[in-house]
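*Asks:* What follows is a structure written as structure tokens; I'll ask about it next.
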Amino acid sequence: MAEIRIRNTNEMITGEENVRNFLEGQGVLYEHWNPNKLDASLQDKFVLTDDEKQAILDTFDDEIRDLAARRGYRTWDIIALSDATPNIEELLKKFEQVHTHTEDEVRAITAGNGIFVIKGSDDVGYMDVILSAGDVISVPENKPHYFTLMDNRKIVAVRLFIETEGWIAHPYADPSFQQA
């Protein structure tokens, strides 16, 4: 279940309804899908074959299509990251820079966990949105953010896109941002 840490106060926001309401106030969509729908053999697996990726997409097909219809997403895929991922350090360096996109960045976590660091309103500042299996987040276009892994460095997520080419990061220089 997602949790939020407000960086400038260390305030923690917990509980699905509290997290959803807080993020909604910041313009960020949060939903929760049932992670137990996923076959047990895939719930803790982070190196996936194409068939296993398809099995995850098939498992959450209704949820994916519902979200896509509501928000205009046209394509989706699976990303799996772990220490076994080739070039994981290079990928993380790319992810861990504050940036924006010209479309939403959407992730539905199916296994593992990660953190979206998102710039909130002026009174909130940056927040860490800590996600685990079942959490779905959509960071709106042009909202400064970045993604990183947690200490266990394992995550599997469905990514949804409007543009069929996927997302392109646009660097966002912010003197108020401080790495945690």
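*Asks:* Within region 75-115, track down each residue that is open to solvent by 20 Å² or more (accessible area, probe 1.4 Å), under 27 Å from ALA40 (Cα atoms), part of a loop (DSSP other than H, G, I, E, B) and among the polar types (S, T, N, Q).
*Replies:* THR85
*Asks:* Return the residues of region 1-51 that are surrounded by 13 or more Cβ atoms within 10 Å (Cβ to Cβ), of a type in the set (D, E, K, R) and within 26 Å of SER176 (Cα to Cα); say none if nothing qualifies.
*Replies:* GLU3, ARG5, ARG7, ARG20, listed by residue number.
*Asks:* Still on this structure: Mind checking which residues of region 117-147 are within 19 Å of TRP33 (Cα to Cα) and part of a strand (DSSP E or B)?
*Replies:* VAL129, ILE130, LEU131, SER132, ASP135, VAL136, ILE137, SER138, VAL139
*Asks:* Within region 153-161, is there a residue that is at negative phi and outside any strand (DSSP E or B)?
*Replies:* Yes - at least one qualifying residue is present in region 153-161.
*Asks:* Also: When the residues of region 13-52 are filtered to those that are of a type in the set (Gly, Ala, Ser) and not in a helix (DSSP H, G or I), which remaining residue is farthest from the chain's Cα centre (by Cα)?
*Replies:* GLY15
Per-residue answers, yes or no, for (1) in contact with a strand residue (DSSP E or B) (Cβ under 9 Å, 6 or more places away or on another chain); (2) hydrophobic (A, V, I, L, M, F, W, C):
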| position | (1), (2) |
| --- | --- |
| GLN54 | yes, no |
| ASP58 | no, no |
| ASP61 | no, no |
| GLU89 | no, no |
| LYS119 | yes, no |
| TYR126 | yes, no |
| SER132 | yes, no |
| MET150 | yes, yes |
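*Asks:* With respect to THR102, determine if the residue is over 22 Å from GLY25 (Cβ atoms), at pLDDT below 95 and in contact with a Leu (Cβ under 7 Å, 6 or more places away or on another chain).
*Replies:* It is false that THR102 is over 22 Å from GLY25 (Cβ atoms), at pLDDT below 95 and in contact with a Leu (Cβ under 7 Å, 6 or more places away or on another chain).
*Asks:* I'm trying to understand the selection: among the residues of region 63-74, which are touching a helix residue (DSSP H, G or I) at 6+ places or on another chain (Cβ under 9 Å) and either polar (S, T, N, Q) or open to solvent by 80 Å² or more (accessible area, probe 1.4 Å) (or both)?
*Replies:* ARG74
The values are calculated or read from the model by the stated rules, or taken from the named source; none is laboratory data. Bear in mind the structure is a predicted one, so any value in this text is a computation, not a measurement. With ideal geometry, Cβ positions are generated from the backbone for all residues, glycine too; neighbour counts draw on all protein chains shown. Accessible surface areas use protein heavy atoms only, side chains included; no ligands, DNA or RNA. Shrake-Rupley method; radii C 1.70, N 1.55, O 1.52, S 1.80 Å.
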